[in-house]
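Visitor: Below is one structure. I have some questions about it.
Read the figures in this text as sums done on the coordinates, not as results from a lab. Predicted, not measured: the structure shown is a model, and the values here were computed from it. Cβ placement follows ideal geometry from the backbone for every residue including glycine, while neighbour counts extend to all protein chains displayed.
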Amino acid sequence: MDNLSLTKSRLEANKIAREEDDYVTFNPSIKREDDLAHIIRAFTDPKALCADPAYRINRKNVPQPKKVIAYTDGSCLDCGHEEARTGSGAWFNESETARENISVRVPGDEQTNNVGELVGFLKAIQSVSMITPIDNTTDSTYVMNGLTIYLQAWEERGWIGVKNKEIWKATIAHLRARGAPTRIRWIKGHSGNEGNEGADELAGAGALKDECDVIDLTINPKFNLTGAQLSKITQAIAYAGIRERKKDPNSKIGAVIRLDMTRHAVREITGKTPLDHRIWKSLQHDDFQRTIRVFFWKTMHRAEKTGEFWEKIENREENAHCRVPNCEKACESMDHILTECTTPEVKIIWSLAEKLWRKKMPTWPKIYCAGAVMACALADFRTPEGDKLTGANRLYRIIVSESAWLIWKLRCRRLFDPDAAKDVITEREIHNRWVKVINLRLDLDRAMTNPKYERKAISRAKVLQTWRGTINDGKNLPSDWTRSKDVCISIKRMEPKGKG
């Protein structure tokens, strides 16, 4: 016996240590179950077979080395973008004069602060002898809670749905193979602690490195626990496990194309290239109405009923082609409908959107495809000094999304409403419908400042900041016009000829 397993009293001591933000001892043991249903596992890795018993390293008669005290941290620059750079740092106390501090740049597609924190911890424990006790301090609740709270549940579900699982599994396997105690403590970041500040600087320096470092993620087969515990598998876990084992479950060619179009459109606006998960999340932005969120989601998946959709339906093939006179596009697509079609509403609506936007900002990003429309969700306009223009970003999201949604509705009305198909929509009607849509959105913003909506309420400051510069007769309105009557945008309705 190596006396490293946690007894009842040690587990109780860990509870007290967590409450007092003191060192918590890592439990290297796997919970044993007598019930056969707890032993059988599904979704196992058939290649991860090992008949050797999982014995930890035993120092035997070798004197235990002096305890190492380490501080670890992570850093990520431009998180959520393709340009993201993650760094990890491990700082050792002054008494460890022979031990070099660690500063690495993390390789891989997943570039986040959490990855940096976890890799920093892994590099720290890998840098010390397997029989050397180590006390590690981190400001990451992700690392602290993962090692001391969530580990058992993650292993019971076979790591299905757990982010950064490969790094976690390598870390846990290394900890379980160690023949000395490992303790972890959480402290508040940037609180003046010398070790934490040192690790933070090392992580930042690592993120700025030109080349990525090599991270050893090899797992000792004796400590490689794979598969989900049968007694813990739910239908949701089983479904997620099946999807993970399928090759690229989300790589539908249509969505991939739209994601790339959106990604490049965002880069033209912000100079940064967002990753897929950030684009998907942005489509659910609170600034979009629910119908627009659904519209964007379908557009990103190319699930809208246009072009190719109708070509596959017998006797409805004519719906696949644009019916606007003099329009040279043979087969409709969302790009064509929103930005390329020669129908009057496309030109008029985007001209009005640009006109309103220029009352607040000097330059208007070109809307040239459906991807450029959905890029509004990640608008990030800034001052020359680099300060974020929160109001301008929100206004851009509203103007572009509402304009695109109106163009789509007018197209569907023209295509599927027999009465509307007979009448040619006039420039005045298009103009007035757009003005009405934007004014209704302004009214909705004003109404949502009412405290009765509680958590869903919007602050008055946000509404004022969003619409500043675009309100009609704004100079003569009170500073807080959210409760004033007859507030509208500065672009007025177009009256019939002969009326003034």
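Visitor: When only C-alpha pairs under 8 Å and at least 6 residues apart count, what is the relative contact order of the chain, in percent?
Guide: The value is 14 percent.
Visitor: Averaging sequence separations of C-alpha pairs under 8 Å and six or more residues apart, then dividing by the length of segment 254-476, give the relative contact order as a whole percent.
Guide: In percent, rounded to a whole number, it is 21.
Visitor: Is any residue of segment 428-472 close enough, with backbone N under 18 Å, to a label point placed 7 angstrom from the Cα of S484 along the Cα-Cβ axis, and if so, which?
Guide: 439-450, 460-472
Visitor: Now for a separate question. Decide, for the chain, between rounded, prolate and oblate: order the square roots of the alpha carbon gyration tensor eigenvalues as a ≥ b ≥ c, take rounded if a/c falls under 1.5, and otherwise choose prolate if a/b is larger than b/c, else oblate.
Guide: prolate
Visitor: Next up: Give the calculated FRET efficiency between L208 and N450 to the nearest 0.05, with a Förster radius of 51 Å applied to their Cβ-Cβ distance.
Guide: E(calc), rounded to 0.05, equals 0.60.
Visitor: Which cross-chain or sequence-distant (5 or more) residues have an amide H under 5 Å from the amide H of V24, H modelled 1.01 Å from N in plane?
Guide: Placed amide hydrogens put I184, R185 under 5 Å from V24.
Visitor: Using the alpha-carbon centroid of each, what span in Å lies between segment 12-29 and segment 477-499?
Guide: Centre-to-centre (Cα) distance: 63 Å.
Visitor: What ranking do 453-466, 119-132, 283-296 get when scored by the average of other Cβ atoms within 10 Å per residue, highest first?
Guide: Numbers: 453-466: 14.3, 119-132: 21.9, 283-296: 16.1.
Highest-to-lowest ranking by the protection proxy: 119-132, 283-296, 453-466.
Visitor: Assuming 1.567 mPa s and 4 °C, estimate D for segment 8-235 with Stokes-Einstein, Rh taken as the Kirkwood radius over Cα pairs, in µm²/s.
Guide: Details: Rh = 18.5 Å.
The estimated diffusion coefficient comes to 70 µm²/s.
Visitor: Which whole-number value in Å³ per residue fits the convex hull of the alpha carbons of segment 254-476?
Guide: In segment 254-476, the Cα hull volume divided by residue count equals 150 Å³.
Visitor: Further, regarding this structure: Could you work out the helix-only [θ] at 222 nm for the chain, with each DSSP H run of four or more residues adding -39,500 (n - 2.57) and the total divided by the number of residues, to the nearest 500 deg cm²/dmol?
Guide: Numbers: 18 runs with 200 residues, N = 500.
Calculated mean residue ellipticity at 222 nm is -12000 deg cm²/dmol.
Visitor: Compute the separation of the alpha-carbon centres of segment 331-352 and segment 356-395 and state it in Å as a whole number.
Guide: 20
Visitor: A follow-up question, please. What is the set of long-range amide H partners of V68 at a cut-off below 5 Å, with H atoms built 1.01 Å from backbone N?
Guide: So V68 has HN proximity to I134, D135.
Visitor: In addition: Within straight cross-link reach of K497, meaning Cα distance under 26 Å, which lysines are found once same-chain residues fewer than 8 apart are removed?
Guide: Cα-Cα hits under 26 Å: K347, K355, K422, K436.
Visitor: Plugging the Kirkwood radius over Cα pairs into Stokes-Einstein for segment 54-129, at a temperature of 37 °C and a viscosity of 0.692 mPa s, what D comes out in µm²/s?
Guide: 235
Visitor: Calculate, for D35 and R323, the FRET efficiency according to 1/(1 + (r/R0)^6) with r their C-beta to C-beta distance and R0 45 Å; round to the nearest 0.05.
Guide: That gives a FRET efficiency of 0.10.
Visitor: Give the long-range amide H neighbours of E83: residues separated by 5 or more places, or on another chain, with amide H under 5 Å away, using H modelled in the peptide plane at 1.01 Å from N.
Guide: For E83, the qualifying residues are T273.
Visitor: Between K298 and Y368, how high is the FRET efficiency from 1/(1 + (r/R0)^6) when r is the Cβ-Cβ distance and R₀ = 22 Å? Nearest 0.05.
Guide: 0.60
Visitor: Same structure, new question: Please give every one of the lysines within straight-line cross-link reach of K31, meaning a C-alpha to C-alpha distance under 28 Å, and leave out same-chain neighbours fewer than 8 residues apart.
Guide: Partners within reach: K8, K15, K47, K60, K67, K123, K163, K165, K169, K222, K232.
Visitor: Same structure, new question: I'd like the distance separating the alpha-carbon centroids of segment 142-166 and segment 236-285, in whole Å.
Guide: Computed from Cα coordinates, the inter-centre distance equals 24 Å.
Visitor: Something else about it: Can you tell me the order of 436-446, 311-321, 373-383 when each peptide is scored by its average per-residue count of other Cβ atoms within 10 angstrom, highest first?
Guide: 373-383, 436-446, 311-321
Visitor: Show me, for segment 213-229, the HN-Hα J-couplings you get by feeding each phi into the Karplus relation (A = 6.51, B = -1.76, C = 1.60, θ = phi - 60°), rounded to Hz, glycine and proline as x.
Guide: 8, 8, 10, 7, 10, 5, 10, 4, x, 5, 10, 9, 8, 10, x, 9, 5
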